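Taking it in order: structure first as structure tokens, then the write-up.
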Amino acid sequence: MHPDIHLALHHARAADLRAEAGSRPARRPDLRTRLGWTLVEVGLKLATRPRRAAAV
């Protein structure tokens, strides 16, 4: 498949998804989703914080 055709198909699909998303009413995420993202955020903070050298 030619790269330009692939890009054109990608743009067409993205436009379809945007139109579909625009037609739905916005809703608040449920508790399970909010809890999941909170756990992801905590995990990322723990993984990226600087570590101290262990006392010898």
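Observations
- Residues of segment 19-36 satisfying the condition of being assigned to a helix (DSSP H, G or I) and either surrounded by 10 or more Cβ atoms within 10 Å (Cβ to Cβ) or touching a Cys at 6+ places or on another chain (Cβ under 6 Å) (or both): T33, R34, L35, G36
- L44 out of contact with any helix residue (DSSP H, G or I) (no Cβ under 8 Å at 6 or more places or on another chain), of a type in the set (A, V, I, L, M, F, W, C), outside any loop (DSSP other than H, G, I, E, B) and open to solvent by 100 Å² or more (accessible area, probe 1.4 Å): yes
The values are calculated or read from the model by the stated rules, or taken from the named source; none is laboratory data. Given the structure is predicted, the values throughout are model-derived calculations rather than measurements. Quick reminder, even Gly has a Cβ in these numbers, built from the backbone with ideal geometry, and neighbours come from all protein chains shown. All accessible areas refer to the heavy atoms of the entire protein, side chains included, with ligands and DNA or RNA removed. Shrake-Rupley method; radii C 1.70, N 1.55, O 1.52, S 1.80 Å.
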